[in-house]
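First up is the structure itself, then whatever we jot down about it.
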Amino acid sequence: RINLRYGTPHVALGMAGGPIVVLAATGRVEILAEVASFLHLVLYGLLCVSLVALRRDEPEWYDPDFRTPGYPVVPVLGALASFALIGFMQPASQLIGAAMMVVSAGWYYYYARDVRLKGAL
């Protein structure tokens, strides 16, 4: 939803900024940073997995302009390393990050499960 007065997505800003403000106000900035790192590692690991999936499936619409050095070893090691690094994080950060992923999956299921992308695998 867009705020009619300011033209900003106030609900999305509140949902994204609310937890940040709470963690910063309570002095738990290290958890905030670690949760951000958790989600970044998940994203990077899934990006590496998707690279391998796209290269193996070779859909008609996918025509990359680059070659991955050491393919498929480098992306597989990148995915494994990303997911393995999550194991060294604080349990609270892992739990919060996993909860955010579950909430995001629930939101996707509620809001966008019927969306079909052109050229999807």
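The values are calculated or read from the model by the stated rules, or taken from the named source; none is laboratory data. Since the model is a prediction, treat every value here as computed from it, not as a measurement. As a convention, Cβ positions derive from the backbone with ideal geometry for all residues, glycine included, and neighbour counts pool all protein chains shown. Only protein heavy atoms, including side chains, enter the accessible area calculation; ligands, DNA and RNA are left aside. Shrake-Rupley method; radii C 1.70, N 1.55, O 1.52, S 1.80 Å.
Remarks
- Of all residues making up region 1-16, the number that are loosely packed, with under 12 Cβ neighbours inside 10 Å and either part of a helix (DSSP H, G or I) or in contact (Cβ under 8 Å) with a residue 24 or more places away in the chain (or both): 5
- Filtered residues of region 81-107 (kept if modelled with pLDDT of 85 or more, open to solvent by 60 Å² or more (accessible area, probe 1.4 Å) and under 16 Å from the mean Cα position of the chain (by Cα)): F83, L85, L95, I96, M100, M101, V102, V103, S104
- Residue in region 60-74 that is within 23 Å of A105 (Cβ to Cβ) and charged (D, E, K, R) present: no
- Residue among L46, L80, L39 that alone is touching a residue at least 60 places away in the same chain (Cβ under 8 Å) and of a type outside the set (K, R): L39
- Yes/no for G45 being surrounded by 13 or more Cβ atoms within 10 Å (Cβ to Cβ) and within 26 Å of V11 (Cβ to Cβ): no
- Residues of region 75-121 satisfying the condition of being in a loop (DSSP other than H, G, I, E, B) and either of a type outside the set (K, R) or in contact with a strand residue (DSSP E or B) (Cβ under 9 Å, 6 or more places away or on another chain) (or both): G87, F88, M89, Q90, A112, D114, V115, L117, G119, A120, L121
- Residue match in region 52-74 (condition: open to solvent by 40 Å² or more (accessible area, probe 1.4 Å), farther than 27 Å from M100 by Cα, of a type in the set (A, V, I, L, M) and assigned to a helix (DSSP H, G or I)): yes
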